[in-house]
1. From the list L108, L61, which residue is modelled with pLDDT of 80 or more, surrounded by 15 or more Cβ atoms within 10 Å (Cβ to Cβ) and under 20 Å from the mean Cα position of the chain (by Cα)?
2. So, K86, is that one at pLDDT 80 or above, open to solvent by 80 Å² or more (accessible area, probe 1.4 Å), of a type in the set (K, R) and in a helix (DSSP H, G or I) or not?
3. For the range 119-133, which residues satisfy the criterion of being open to solvent by 50 Å² or more (accessible area, probe 1.4 Å) and closer than 25 Å to K86 by Cα?
4. Which of the residues spanning the range 188-214 are under 23 Å from I93 (Cβ atoms) and either among the polar types (S, T, N, Q) or not in a loop (DSSP other than H, G, I, E, B) (or both)?
5. So S218 clears everything in (1) of a type outside the set (A, V, I, L, M); (2) surrounded by 13 or more Cβ atoms within 10 Å (Cβ to Cβ); (3) modelled with pLDDT of 90 or more; (4) under 26 Å from the mean Cα position of the chain (by Cα) except one condition, right? Which one?
6. Given the conditions (1) assigned to a strand (DSSP E or B); (2) more than 12 Å from the chain's Cα centre (by Cα), and given that G98 satisfies all but one, which numbered condition is not satisfied?
7. In the range 178-197, how many are loosely packed, with under 14 Cβ neighbours inside 10 Å and in contact with a Leu (Cβ under 9 Å, 6 or more places away or on another chain)?
8. Consider the range 142-170. How many of its residues are under 16 Å from L84 (Cα atoms) and in contact with a strand residue (DSSP E or B) (Cβ under 8 Å, 6 or more places away or on another chain)?
Amino acid sequence: MKDSDDLINEKIINNGGKSTVKYSSWFNVKNTDTNDQICIDFKNHVSNWENVSPESVNVSLDSSYSVSFSKQDIINAKLKELELWKTFNVYNIVPNTGQKLISTRWVLTEKTVDDMKVAKARLVIRGFDEYNLQQSDSPTTSKDTLRIFLALSSSKKWQCKSIDVKSAFLQGHAIDRDIFIAPPIESNMSDDFLWKLNKSVYGLTDAPRNWYLTVKDSLSSLDLKQSSIDKSLFYYYDENKVLSGLYI
């Protein structure tokens, strides 16, 4: 610290400020000897410190969950998530030449599948580590649009359906910037290699927008038209120019 000559060993727990550049140097840390926790502004209060490569953080399920999972259940959930990353070509393996890294963490949740509680793991990027701000806006359906949607569906006797896209963000468009992360320890990969992201994954600020643009392009390829009033609304006309469907 700037007001002391003594060296202290602290472990960073998480980001201590808001996810903006202004507070990006604030971190919650824990003293490895006393376990005392404080928040430190590394930029203004620390005179000399070394930034080491971030590693995967294992996060336990919250104690509020009604079901406890074994260590093997959690490992299997993580391995399943890593397999999805491979399936959707989320990253390329590149040599570690000292690239600037964005840290990651595991988020574990409880999910119901066939009336059974199972563990679900998601590898999330700490988007606040990215200093270059990205455009992140994406449209959300308004209440008025939803009312019109339901009214039209009722009057035309359409059947309303909803879908849930699994691992949606992993299926978005390729990103146009370089983002490197340290492979999680569960991947059993050497420290000589890093992952360069191909997709705007969970945790990045522009991930929702990137997924919206992916959906927009897919619907446009199916000849659906986008509303000029509400960008989340798409409509379809048949060959006779008759309104035949809506999508929100």
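The values are calculated or read from the model by the stated rules, or taken from the named source; none is laboratory data. Model, not experiment: these values are computed from the prediction. Cβ: placed from backbone, ideal geometry, glycine included. Neighbour counts: every protein chain shown. These area figures cover heavy atoms from the full protein model, side chains too; ligands, DNA and RNA do not enter into them. Shrake-Rupley method; radii C 1.70, N 1.55, O 1.52, S 1.80 Å.
1. Answer to the selection: L108.
2. Considered against the rule, which asks whether it is at pLDDT 80 or above, open to solvent by 80 Å² or more (accessible area, probe 1.4 Å), of a type in the set (K, R) and in a helix (DSSP H, G or I), K86 comes out as yes.
3. Passing the criteria: K120, R122, F128.
4. Within the range 188-214, N188, S190, F193, L194, W195, K196, L197, N198, K199, S200, A207, N210 qualify.
5. Going through (1) of a type outside the set (A, V, I, L, M); (2) surrounded by 13 or more Cβ atoms within 10 Å (Cβ to Cβ); (3) modelled with pLDDT of 90 or more; (4) under 26 Å from the mean Cα position of the chain (by Cα) one by one, S218 breaks only (2).
6. The one condition G98 does not meet is (1).
7. 1
8. Residues meeting the conditions: 2.
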